[in-house]
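Visitor: Please read through the structure below; I'll follow up with questions.
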Amino acid sequence: MPKSVLVINCGSSSIKFALLLEDQEFRIHGLAENLGTPEARIKGVTVGNEPVDIRIPNADHKQALEVGLERLANYKPDAIGHRIVHGGTLTKAELLTDDIIEKIRQATPLAPLHNPAHLVGIEATKRLFPDLPQVAVFDTAFHQTMPEHAFRYALPKFLYTEHNVRRYGFHGTSHAYVSERGSELAGSFKQGGWLTAHLGNGSSTCAIWNGQSVDTSMGLTPLEGVVMGTRSGDVDPSIHSFLASNLGWDIYKIDKMLNSQSGLLGLSNLSNDMRTLIEASEQGNEDASIAIEVFCYRLAKSLAALSCGLPRIDGLFFTGGIGENSAYIREKTLAYLPHFGFNLSKEQNDNLKRGTEGRIDAGKGPQIWVVPTDEEGRIAKETENVVNEVSQAAAKKFEADVAMA
Ligand code: ADP
């Protein structure tokens, strides 16, 4: 039974580390950012909430991992959990065997920015902690319960059967944690129909029936769905041929525009950061105001669409940096959904303390909750479960072998 789990989220432009110690309130955590630039650094907190700030000028992923992991090795973790964005059709967290690493590699065309970075992280932890059990926890796994009518695109069949072109969904760790915790708070643990809105730099919605994902807004890649910080979310797919024919853009330029220059940033021509946009809108910036309005309208539209996956709606959970902290965005979004019977309590919504969980409906209609997400905690728990299952299976096999001998 692992007592401490090291969680690694090795992303395309940053690396997040967290060490979760059993029976300890605090977590050691760090973020390596600005990698490959003179400003590269690792910031975070260590034991006793002591701040850490290590400058690592020009360090790349590998060097940053080595600096971070060597320090964390002093705390002797018992297991390592890796956040992996794309697991293809893998349905649950898995012990990192050569076969699973190969499957992560094979899913690279579906997450070209993320999976190669995860593989760098896996290679580093295998080298530095060769004897520790390591587990891959996939963002896509929670959504593998979606029915086929929700995960298929209306495209020629061979693209699905021969090339795996289908909807996968992401942010699964967060949707799983928040819906589980939220339904527990609501007194119906993993029962009934719930909608979740994970609103951060990347945003997605999910419909959950009896604890299982039945539909979600992201698809083949994390570009589909609602408006995000720099990602467009849904657009007419003909935008590609339109831009190619009329502006002479190639596929890479179009892809970059849709992923990095669109969303809140593209609409506002100002920022991808919701706080900045709310402040600018309050000061009369019209582009910021329309960016916020499009964000809320499309979010409401996505929640309405996902409700088709649920026999009934028991409630809605908001999470992520925007969902947890902005009463304004929650109110604006729900104003587009009066016909679903949502009844927000303005007082409870406005007074909910930042970073806390709480109920914000007026007691009529579906419940509305704010539930801070805990992806690291969920990854640590799933890692622990896989390690325990594997050691129990090994113990059983040993007993059986002894009995046979
Ligand atoms: P990530 O997806 O990178 O984990 P977060 O979940 O931290 O991101 O969310 C970041 C977003 O949350 C940013 O757009 C930020 O402006 C927004 N945010 C954080 N606090 C507030 C707030 N008080 N009001 C509005 N937006 C906020």
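Visitor: If I filter segment 329-379 down to residues being β-branched (Val, Ile, Thr) and not in a strand (DSSP E or B), which single residue comes out as surrounded by the fewest Cβ atoms within 10 Å (Cβ to Cβ)?
Guide: Restricting to residues being β-branched (Val, Ile, Thr) and not in a strand (DSSP E or B), the top hit is 356.
Visitor: Only residues that are among the aliphatic types (A, V, I, L, M) and closer than 21 Å to residue 204 by Cβ: list them for segment 130-153, please.
Guide: Once the filter is applied, which keeps residues that are among the aliphatic types (A, V, I, L, M) and closer than 21 Å to residue 204 by Cβ, segment 130-153 yields 136, 137, 141, 146, 150.
Visitor: Still on this structure, I have one more. For residue 170, indicate whether it is in contact (Cβ under 8 Å) with a residue 40 or more places away in the chain and within 29 Å of residue 201 (Cα to Cα).
Guide: yes
Visitor: Another question, if that's okay. Looking only at helices (runs of 4 or more DSSP H) that lie completely in segment 140-234, which have at least 3 residues being crowded, with 19+ Cβ neighbours inside 10 Å and within 16 Å of the ligand (Cβ to nearest atom)?
Guide: In segment 140-234, the matching helices (runs of 4 or more DSSP H) lie at 172-185.
Visitor: Here are some conditions: (1) in contact with a strand residue (DSSP E or B) (Cβ under 6 Å, 6 or more places away or on another chain); (2) among the basic types (Lys, Arg); (3) farther than 28 Å from residue 193 by Cβ. Residue 312 meets all but one. Which one does it not meet?
Guide: Going through the list (1) in contact with a strand residue (DSSP E or B) (Cβ under 6 Å, 6 or more places away or on another chain); (2) among the basic types (Lys, Arg); (3) farther than 28 Å from residue 193 by Cβ, residue 312 breaks only (3).
Visitor: Mind checking which residues of segment 208-222 are without any contact (Cβ under 8 Å) to a residue 60 or more places away in the chain and under 13 Å from the mean Cα position of the chain (by Cα)?
Guide: The one that is without any contact (Cβ under 8 Å) to a residue 60 or more places away in the chain and under 13 Å from the mean Cα position of the chain (by Cα): 218.
Visitor: Considering only segment 59-75, how many residues are part of a loop (DSSP other than H, G, I, E, B) and in contact (Cβ under 8 Å) with a residue 60 or more places away in the chain?
Guide: 1
Visitor: For segment 352-405, enumerate the residues that are away from the ligand (no atom under 16 Å from the Cβ) and under 19 Å from the mean Cα position of the chain (by Cα).
Guide: 369, 380, 381, 382, 383 - these are the residues of segment 352-405 that are away from the ligand (no atom under 16 Å from the Cβ) and under 19 Å from the mean Cα position of the chain (by Cα).
Okay, residues lined up against (1) in contact (Cβ under 8 Å) with a residue 60 or more places away in the chain; (2) in contact with a Lys or Arg (Cβ under 7 Å, 6 or more places away or on another chain); (3) over 19 Å from residue 171 (Cβ atoms):
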| site | (1), (2), (3) |
| --- | --- |
| 78 | yes, yes, yes |
| 112 | no, no, no |
| 145 | yes, no, no |
| 148 | no, no, yes |
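Visitor: Would you call residue 389 touching a Pro at 6+ places or on another chain (Cβ under 7 Å) and either under 26 Å from residue 21 (Cβ atoms) or part of a loop (DSSP other than H, G, I, E, B) (or both)?
Guide: When the stated conditions are applied, residue 389 does not pass them.
Visitor: If a residue has to be under 20 Å from residue 193 (Cα atoms), within 16 Å of the ligand (Cβ to nearest atom) and not charged (D, E, K, R) to count, how many in segment 327-337 make the cut?
Guide: Number of matching residues: 2.
Visitor: Tell me, yes or no, whether segment 47-60 has at least one residue that is more than 12 Å from residue 380 (Cβ to Cβ), touching a helix residue (DSSP H, G or I) at 6+ places or on another chain (Cβ under 6 Å) and at pLDDT below 90.
Guide: No; the residues of segment 47-60 include none that is more than 12 Å from residue 380 (Cβ to Cβ), touching a helix residue (DSSP H, G or I) at 6+ places or on another chain (Cβ under 6 Å) and at pLDDT below 90.
Visitor: Among residues belonging to segment 82-116 that are more than 23 Å from residue 381 (Cα to Cα) and in a helix (DSSP H, G or I), point out the one that is farthest from the chain's Cα centre (by Cα).
Guide: 102
Visitor: Something else now. Might you let me know whether segment 338-358 holds any residue that is closer than 12 Å to residue 199 by Cβ, in contact with a Phe, Trp or Tyr (Cβ under 8 Å, 6 or more places away or on another chain) and in contact (Cβ under 8 Å) with a residue 12 or more places away in the chain?
Guide: Checked against the condition, which is being closer than 12 Å to residue 199 by Cβ, in contact with a Phe, Trp or Tyr (Cβ under 8 Å, 6 or more places away or on another chain) and in contact (Cβ under 8 Å) with a residue 12 or more places away in the chain, segment 338-358 yields no hits at all.
Visitor: Given the structure, is residue 227 among the hydrophobic types (A, V, I, L, M, F, W, C), more than 30 Å from residue 358 (Cβ to Cβ) and touching a strand residue (DSSP E or B) at 6+ places or on another chain (Cβ under 8 Å)?
Guide: no
The values are calculated or read from the model by the stated rules, or taken from the named source; none is laboratory data. Only a predicted model underlies this, so the values are computations on that prediction, with no experimental measurement involved. Reconstructed Cβ throughout: ideal geometry from the backbone, glycine too, with neighbour counts over all protein chains shown.
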